[in-house]
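Enquirer: The structure under discussion is supplied below as structure tokens; questions concerning it will follow.
Derivation of every value follows stated rules applied to the coordinates shown; laboratory data play no part. Nothing here was measured: the structure is a model prediction, and the numbers come from that model. Counting neighbours? That spans all protein chains shown, and the Cβs are built from the backbone with ideal geometry, glycine included.
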Amino acid sequence: MTGTDQQAQVKNTVSLLDVSGVKTGYDDLQILWDLSINVQRGERVIVLGANGAGKTTLLKTLVGLLPVWEGAIHLNGEPVQTLRIDKRISRGISYLSEVGVVAGLTIEENLRIGGYHLASGAARSQMAVMYDSFPDLKVRRRETASSLSGGQRKMLAVAKALMSRPRLVIMDEPSAGLSPLFVTEVISMVNRFHDDGISFLIAEQNVKFLEIADRVYVLDAGRMIFTGTVEELHRNDALERAYFGVYG
Amino acid sequence: MRRNKLSNAIILVVLAVLFILAPLLYPNQSVPFQMMAFMTLAQGVNLLYGFTGYLPFGYVGFFGSGAYGVSILVLLLHWSVIPAVIGGGLFAVVVALLLSPLLRLSGAYFSIGSLAASEIVYYVVSNPNMQNITQGPYGVNLAGIYDPNTSYYAMLVILLIFTAVVMYVKNSTFGMSLLAIKEDPVSAAMAGINVVRRRVAIWLASAFAAGLVGAVYGWYVSVFYPSSVFDLTISIFAIVFTLFGGGGTVLGPIVGTIVLYGLYNTIGVSSPQYFQLIYGLLIVVLVMFLPQGLTSLLKRRGINVP
């Protein structure tokens, strides 16, 4: 086996995202306590938790909006916890926040911003892929994002997040403010791009996302109280504890 | 895109022809010269305000730094004029680099901070203890390099360059990233845009514009004082001209300067009391009904404004 083969094999055995013992918070207020999660290549991992559980704080820490107090974040085996946001994004992470789009820019400009790191030819071809996947956006590409409905904005946000050809898409509550119809559409979108090899880490309150989860984490008050498959979750009381504070 | 390039080329050609012919048609060369100076300053403000939302009340600090930069390079270091003018612009860039922590502020705090910073630069330059370097409060005499004709065309070149820079920024991915940062810095950062680096880059470009204008102004007038090149009115004019025409466009600062500076020269000198009245009314009407500037009238009708 050549050195290159060995390197490739090692790369395939390490997690795409590996978070270990992360502590962080805002100023002196600690929100996350020794949090560890990982995402393998091609996985769809859902982080469930009620409001205030620390889901958004976790995602912000992963992308670099919040500093890591303690612990480590590895992307593809490489430590990234001290890297700037743009460096992390250029290494294949894409983040879809609850807002997700730049309201004052047109749909096309939002997509161009999403593919900011791509060379112009690659950006053009990726935009064509996005327009194929989201035909409504193509029709209205010259309109500002502010003119879109909540559901359409979410679609644009998903398309923008996918423009950079990421390896891992991190989504913060993609169902927030959406009708059940649009939630179903977002889920089918995740499935479609998952089939293309993209991994997803999705923080959600909406348990409908369990339909597509390969693995689930349940977060409660900044601590991980469950890790496992959906079947294992159904046999566990972690959801009741996280959502209703019920301790059996 | 092709239409954009054509309209941009037309704007540059019209500006060049207008200001080449102006001294032939208008007896007082200093009027078109100052109009070019304010147009370039307005484009400099436009780079910063139109694309990032930072409103620099202390913009005159860079203008004054450029004027004093050229005087130091000519009088103390005996540089020839053109390198000294470029050096004057770079003086302003160095000042902007030192003041770049101001970009951590936003809104009114940034505006007031930049104003205070320009006052600091003014008091440093005009300090009598600085007489060996800046001549302190006693003014600078650059009579040895006085050349109103060459400096007039130098100002035209700078105007065309910075108008072209605004055209580039407006139509480039770089400019789009600035607009994204202006709208939502977090979202822009999440797209992998280095927010701090881009803000600093456009801040330095804007300072360079003002520094070069100040340097050429110093060359043109050849005698000036700290109070004349650090006059707050220069900032106010550049800002008002930009806002009046419409920030974030190529045409806005040009239209704003032509209308308001034209008005200033038509009645501002002969009947200053009426000028102030009309000027004030125009600005009030603009703020109330056209906050995006005159060019937004065209945008509302679906016309693409370069």
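Enquirer: Under the definition of partner shielding as Cβ atoms of other protein chains within 10 Å of a residue Cβ, what is the mean value for peptide A:80-93?
Expert: The shielding value for this peptide is 3.
Enquirer: Per DSSP H run of n ≥ 4, the term is -39500 (n - 2.57); total these for chain B, divide by its residue number, and report the mean residue ellipticity at 222 nm rounded to 500 deg cm²/dmol.
Expert: For chain B, the value works out to -23000 deg cm²/dmol.
Enquirer: Classify the range B:2-230 from the C-alpha gyration tensor, please: rounded if a/c falls under 1.5, else prolate or oblate depending on whether a/b exceeds b/c.
Expert: oblate
Enquirer: Using label points projected 7 Å from each Cα along Cα→Cβ, tell me how many nm separate B:Tyr153 and B:Ile20, to one decimal.
Expert: 1.0 nm
Enquirer: Apply the Karplus curve 6.51 cos²θ - 1.76 cosθ + 1.60, θ = phi - 60°, to the phi angles in the range B:256-272 and return the couplings in whole Hz, x for Gly and Pro.
Expert: Result, rounded to whole Hz: x, 5, 4, 5, 6, 6, x, 4, 4, 7, 6, 10, x, 7, 7, 10, x.
Enquirer: Kindly state, to the nearest 0.05, the FRET efficiency for B:Ala116 paired with B:Arg3, given R0 = 35 Å and r defined as their beta-carbon distance.
Expert: 0.20
Enquirer: Also, I was wondering about something else. Cα gyration tensor of the protein assembly as shown, axes a ≥ b ≥ c as square roots of the eigenvalues: rounded (a/c below 1.5), prolate (a/b > b/c) or oblate?
Expert: Prolate, because a/c is 1.5 or more and a/b exceeds b/c.
Enquirer: Apply the Karplus curve 6.51 cos²θ - 1.76 cosθ + 1.60, θ = phi - 60°, to the phi angles in the range B:191-208 and return the couplings in whole Hz, x for Gly and Pro.
Expert: Karplus values, whole Hz, x for Gly and Pro: 8, x, 8, 7, 4, 4, 4, 5, 4, 5, 4, 6, 4, 5, 4, 5, 5, 4.
Enquirer: Near the amide H of B:Gly58, under 5 Å away, which other amide H atoms are found, from residues 5 or more places off or on another chain, if H is placed in the peptide plane?
Expert: The list, which skips near neighbours in sequence, is B:Ser114, B:Leu115.
Enquirer: I would also like to ask the following. Just the number, please: percent antiparallel of the DSSP beta bridges in the protein assembly as shown, rounded to the nearest 5.
Expert: Counting DSSP beta bridges with both partners in the protein assembly as shown, the antiparallel share is about 55 percent.
Enquirer: Note down the net charge around A:Leu137, summing +1 for each Lys or Arg and -1 for each Asp or Glu among other residues with Cβ under 14 Å from its Cβ.
Expert: Taking every other residue near A:Leu137 into account, the sum is +2.
Enquirer: Short version: ³J(HN,Hα) in whole Hz for each residue of the range B:106-116, in order, from phi by Karplus 6.51 cos²θ - 1.76 cosθ + 1.60 (θ = phi - 60°), x for Gly and Pro, what are they?
Expert: 9, x, 5, 5, 5, 4, 5, x, 5, 5, 4
Enquirer: Which value, in debye to the nearest 20, gives the size of the charge dipole of the protein assembly as shown about its Cα centre, when Lys and Arg are +1 and Asp and Glu are -1 at the Cβ?
Expert: The dipole magnitude comes to about 1240 debye.
Enquirer: Grab the other residues whose beta carbon is less than 12 angstrom from that of B:Pro306, score K and R as +1, D and E as -1, and report the net.
Expert: Overall, the nearby charge balance is +4.
Enquirer: Amide H to amide H, which residues 5 or more places from A:Met171 or on other chains are under 5 Å from it, using H placed in the peptide plane?
Expert: A:Leu96, A:Leu201, A:Ile202, A:Ala203
Enquirer: Related question: For the modelled label position 7 Å from the Cα of B:Asn141 along Cα-to-Cβ, which residues of the range B:49-82 have backbone nitrogen atoms closer than 11 Å?
Expert: Residues passing the 11 Å test: none.
Enquirer: Let me ask something else. Taking each residue of B:177-186 in turn, how many C-beta atoms of other protein chains fall within 10 Å of its C-beta, and what is the average? Write out the running numbers ahead of the final one.
Expert: Working: counts 4, 0, 5, 10, 2, 3, 8, 9, 0, 6.
Mean shielding by partner chains, rounded to a whole number: 5.
Enquirer: So, in nm, how far is label B:Tyr123 from label A:Asp195 when the simple model puts each one 7 Å beyond its Cα toward the Cβ?
Expert: According to this spin-label approximation, the distance is 6.9 nm.
Enquirer: If contacts are Cα pairs under 8 angstrom and at least 6 residues apart, what is the relative contact order of the range A:100-248 in percent?
Expert: 19 percent
Enquirer: Extending each Cα 7 Å along its Cβ direction at A:Ser20 and A:Gln205, get the distance between those two points in nm, one decimal.
Expert: With each label point 7 Å from Cα toward Cβ, the separation is 3.4 nm.
Enquirer: Give A:Lys154/B:Lys170; A:Lys138/A:Lys208; A:Lys87/B:Lys299; A:Lys208/B:Lys182; A:Lys138/B:Lys170; A:Lys154/B:Lys5 a once-over and call out the pairs whose C-alpha atoms are over 30 Å from each other.
Expert: Details: A:Lys154/B:Lys170 27 Å; A:Lys138/A:Lys208 28 Å; A:Lys87/B:Lys299 37 Å; A:Lys208/B:Lys182 36 Å; A:Lys138/B:Lys170 23 Å; A:Lys154/B:Lys5 34 Å.
In this structure, A:Lys87/B:Lys299; A:Lys208/B:Lys182; A:Lys154/B:Lys5 exceed 30 Å between Cα atoms.
Enquirer: For the range A:95-248, what does the alpha-carbon gyration tensor say about shape, rounded, prolate or oblate, given a ≥ b ≥ c as the root eigenvalues, a/c under 1.5 as rounded, and a/b over b/c as prolate?
Expert: Verdict is prolate for the range A:95-248.
Enquirer: Between A:Asp214 and A:Asp132, take the C-beta separation as r, use R0 = 25 Å, and let me know the FRET efficiency to the nearest 0.05.
Expert: That pair, A:Asp214 with A:Asp132, gives E of 0.45.
Enquirer: Okay, moving on. Under a point-charge model restricted to the Cβ atoms of Lys and Arg (+1) and Asp and Glu (-1), what is the dipole moment magnitude of the range B:2-230 relative to its Cα centre, in debye to the nearest 20?
Expert: 660 debye
Enquirer: I would also like to ask the following. Quick check: the distance between the Cα centres of the range B:223-275 and the range A:55-83, to the nearest angstrom?
Expert: 49 Å
Enquirer: While we're on this one: Averaged across the residues of A:154-165, what count of C-beta atoms belonging to other chains lies within 10 Å of each residue's C-beta?
Expert: That works out to 1 on average.
Enquirer: While we're on this one: For a protection proxy built on the mean count of beta-carbon atoms within 10 angstrom, sort B:231-242, A:206-217, A:225-236 highest first, please.
Expert: Descending mean neighbour count gives B:231-242, A:206-217, A:225-236.
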